Amino acid sequence: MPAIPVRSVASLNSGPDMPDLSRPRLILGSASPRRLDLLSQIGVVPDEVRPADIDETPNPGERPRDYVRRMAAEKAAALKLETGEMVLTADTVVTAGRRILGKPASRDEAGAFLRLLSGRRHRVMTAICLRSDGQEWSRLVETIVRLRPLDAAEITAYLDSGEWVGKAGGYGIQGRAGAFVSWISGSFSAVVGLPLAETSTLLRAASGSAAQEGDRS
């Protein structure tokens, strides 16, 4: 998939009129508009969106935590970076026990996911990875979510809305399915697709490391 140009800011911290050219260019390695919107909430606008194209098939017997970490890392590794660039990637999965519920391939599968999750708790895992000039930072954030019991009419109406498309577990907490959520423990933004507190921490750490490297050169 070709790179998608985004309004450029050269710094994670500088004002819009005075870009800090000493800071690395931030590449978002995801085509998700939700992640782009979440970054904007903390004042971060990537210089470019450059989605990674990788095989997202789980390995036989792979545990959900290992899988989601691997996906975020492989997305970061798949993108070629120029000098002075850093890439941020993420991956989100829903798990029911040890079963990984990724993005449903069909309406029927999305319905099966919702029936499985109805009235029970499940985990949402989001891994983030930041890579730059041979350095890599990563975090895994787990959130527990409980859906209230859903009847057949509610599931059908949600499937008719089309919101399940491209959503891990077959639902998006930020949309109509928010009405299904009776309880959450953890990071709401991680369930949407990007844990903002952890992402902000990694970006600051990476920017500080890049600045130190620049001072030594």
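Just a few scattered comments:
- Test result for V191, at pLDDT 95 or above, buried (at least 16 other Cβ atoms within 10 Å of the Cβ), in a strand (DSSP E or B) and of a type outside the set (F, W, Y): no
- The set of residues from the range 61-107 being over 17 Å from L117 (Cα atoms) and in contact with a Pro (Cβ under 8 Å, 6 or more places away or on another chain) comprises Y67, G84, E85, M86, L88.
- From the list A105, A96, A90, A110, the one residue that fits, being among the hydrophobic types (A, V, I, L, M, F, W, C), farther than 27 Å from A206 by Cα and buried (at least 19 other Cβ atoms within 10 Å of the Cβ), is A110.
- Qualifying strands (runs of 3 or more DSSP E) (wholly inside the range 39-156; at least 3 residues being among the aliphatic types (A, V, I, L, M) and either at pLDDT 95 or above or in contact with a strand residue (DSSP E or B) (Cβ under 7 Å, 6 or more places away or on another chain) (or both)): 85-96, 121-132, 135-147
- Count - residues of the range 26-48 that are surrounded by 23 or more Cβ atoms within 10 Å (Cβ to Cβ) and among the polar types (S, T, N, Q): 1
- Qualifying positions in the range 157-172 - assigned to a helix (DSSP H, G or I) and of a type outside the set (A, V, I, L, M, F, W, C): Y158, D160, S161, G169, G170
- Selected residue (criterion: nearest to A206 (Cα to Cα)) from residues of the range 113-163 that are β-branched (V, I, T) and buried (at least 16 other Cβ atoms within 10 Å of the Cβ): I128
- Which numbered condition L117 fails, given (1) in contact (Cβ under 8 Å) with a residue 12 or more places away in the chain; (2) within 23 Å of A52 (Cα to Cα): (2)
- Residues (of a type in the set (D, E) and more than 23 Å from L39 (Cβ to Cβ)) located in the range 67-116: D108, E109
- Selection of the range 71-87 for residues being of a type in the set (D, E, K, R), crowded, with 18+ Cβ neighbours inside 10 Å and free of Cβ contacts under 8 Å to residues at least 60 places away in the same chain yields only K75.
The values are calculated or read from the model by the stated rules, or taken from the named source; none is laboratory data. It should be emphasised that the depicted structure is a prediction, and the values quoted were computed from it without experimental measurement. Neighbour counts run over all protein chains shown; Cβ positions are idealised from the backbone, glycine included.
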